[in-house]
1. Which value in deg cm²/dmol, rounded to the nearest 500, describes the helix-derived mean residue ellipticity at 222 nm for the chain, given -39,500 (n - 2.57) per DSSP H run of n ≥ 4 and division by the residue count?
2. Using a 1.4 Å probe, how large is the accessible area of VAL395, given in Å² and rounded to the nearest 10?
3. Show me the GluC sites (Glu not before Pro) within the stretch 467-505 that DSSP assigns to loop and that have at most 13 other Cβ atoms within 10 Å of their Cβ.
4. Remind me, relative contact order of the stretch 452-520 in percent, using alpha carbon pairs under 8 angstrom and six or more residues apart?
5. Between LEU491 and THR362, how high is the FRET efficiency from 1/(1 + (r/R0)^6) when r is the Cβ-Cβ distance and R₀ = 41 Å? Nearest 0.05.
6. Would you work out which of LEU87, ASN179, PHE53 lies farthest towards the positive end of the dipole of the chain, given +1 charges on the beta-carbon of Lys and Arg and -1 on that of Asp and Glu, about the Cα centre?
7. Find the accessible area per residue for the stretch 332-380; the probe is 1.4 Å, ligands and nucleic acids are left out, and the unit is Å².
8. Take the cross-link list LYS5/LYS145; LYS117/LYS222; LYS375/LYS533 and give me the ones stretching past 20 Å between alpha-carbons.
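The values are calculated or read from the model by the stated rules, or taken from the named source; none is laboratory data. Computed from a predicted structure; not experimentally measured. With ideal geometry, Cβ positions are generated from the backbone for all residues, glycine too; neighbour counts draw on all protein chains shown. Side chains included, ligands, DNA and RNA excluded: accessible areas come from the protein's heavy atoms. Shrake-Rupley method; radii C 1.70, N 1.55, O 1.52, S 1.80 Å.
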Amino acid sequence: SGKVKFDAGRSTGAVVTSGGSYLDLGDVGNFERDKPFAFAAWVNPRGQGGAAFSKMDSKNDYRGWDLYLADNRPAVHLINKWPTDALKAISKTTIPTGRWSHIAVSYDGSGKAAGLKIYVDGKLTPTEFEADQLKSTIHADVTAKVGTRTGSDAFNGQVDDLAFFNRALSAAEIAPLANVDAARPLLRIPEAKRTPDQKLAIAASWSEAHDPAFAALSVDRKKIQGEFDALDSKVVTVMVMAEMPKPRQAHVLIRGQYDHPGDPVSARTPLSLPAPPPGTPNNRLGLAKWIASADNPLTARVEVNRLWERCFGTGIVATADDFGTRASFPSHPELLDWMATEFVRLNWNVKAMFKEILMSATYRQSSASTPEAIKEDPANRLLARGPRFRLPAEVIRDQAMYEAGMLTEKLGGPSVRPYQPAGIWDDVSVYGNLHDYKHETGPNLHRRSLYTFWKRTGAPPEMTLFDVPGREICTVERARTDTPLQALALLDDVTYLEASRALAQKAIKVAGPNPAARIAYMFTSMTGRAPTKAEEKILGNGFWERLDHYKKSFADAERLINIGDWPTPSNLDAPALAAYTTVASTILNLDETITKE
């Protein structure tokens, strides 16, 4: 159908699809949700996605089945109505672009996603399930097709040796399907027209089958090749942009409509700022050189102003997101000038610039003030005192875990899933990978907030309480609010209750047997100073009151000290640990704990 092509392919002759072409197989592949089946094929993708083959009607709620490549990860859909009545399993293994891979799928007829098994090159691959509630038929009144679904999702590449089975296949049955003799297609080429490499491949294939010594060497070569392929599959493919030989002409769009071009326009830097250095090309490279030029007065000022805002809560120019005509006038213009030139002198070294700011006498001032000073300068624009503002959401969480001894300080790696309220994203991510969210187990549960799994439209709720912005748009300045929900999170969220217990366990272990010493240790850990006599008395009285309560209500103590996955030593007294946990929770909720001073 369309302009579908055929070539020698991998084994039996391949279908070549691109640009919307596909092969119509007719009325085959009539699978059902309650009957076992399997299918397999060799696939050579030339792009990143699309349906390699299917029997699916996109216009009828995607009813049917398919083998789909999602960023080159094999995925299987069995659908009555997407996404509410469907199964979807997606492999964690990525297949390479431009090389043949064998993909097989076996389904046990259970109606459960766990009944779908995906094999890549003869081996069972780990899978993720993104939909798992199939209750109705998957029969679609369309024909089976290679290279597309009916109506959408064209596949760019080759498909070879496609086979359907009316039963589930075992791993032992699938392995031989992925072991096709690579020399077989070469035998169809007349001997006189074979290249030296093709002749060598045929000889190697024969020798491997008939010469034991050669076969033994071949096993070693395959092992090395397998290790190479495994390493190569981990390399992330990224798109790289290049300049066009002749730039495309751009136009002013009349009323913003792309099909109503107006006057032609060309790229250039604002006339109000210095021109790019002589000889700078008028392209993206030239723009980058101009942005980082020492003669450009804007870039360095904007960046050092943001660094200053990180340290002081407010930039020298208060409108850090706007340096234009509506920007606030700098409170200390000469300081901003000096910092900008110093940043360039330091070769744009952010760490060195932070050191300059943090070691300054201005930053090292106390944040303590007087009523007169606050009345004179409530926003501290004159910098007569040190900065004081609430810590960012990520720092509050990481600080609690670090002081409790829970934080996993490993650097790098994929995103991780910390605690979240049950079902929090189910309604907004019905078929995405937030549906039926499960938190991590083991060390990954307590990674730094930097590594928290994050959807563009689904920020972690615990962090949004502390004003983490959404990621639908770029945000330069974060808001800072003070709401009762923040205190509720610090007192009741599983992350902070678990951190409170871990901090209590740590104090019991390292601060000696004296309750006052243990409380002082927890207070000092979280605030950076020793408690006053009055604070010691308040926290001590709270501890003894709670200890008395938990001794009378042992079940309450057990429930509290078993919140979260962090291990609870069996040799600790439950009422005492629960009482220390509540004291630690109080300390974690202090304004002084979550405020930079």
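1. Counting only the DSSP helices, I get -10000 deg cm²/dmol.
2. Estimated to the nearest 10 Å², VAL395 gives 60 Å².
3. Counting only loop positions with at most 13 other Cβ atoms within 10 Å, the GluC sites (Glu not before Pro) in the stretch 467-505 are GLU472.
4. Normalised by residue count, the contact order of the stretch 452-520 is 18 percent.
5. It comes out at approximately 0.70.
6. Positive-most Cα among the choices belongs to ASN179.
7. Per-residue accessible area for the stretch 332-380 comes out at 70 Å².
8. Among LYS5/LYS145; LYS117/LYS222; LYS375/LYS533, the Cα-Cα distance tops 20 Å for LYS117/LYS222; LYS375/LYS533.
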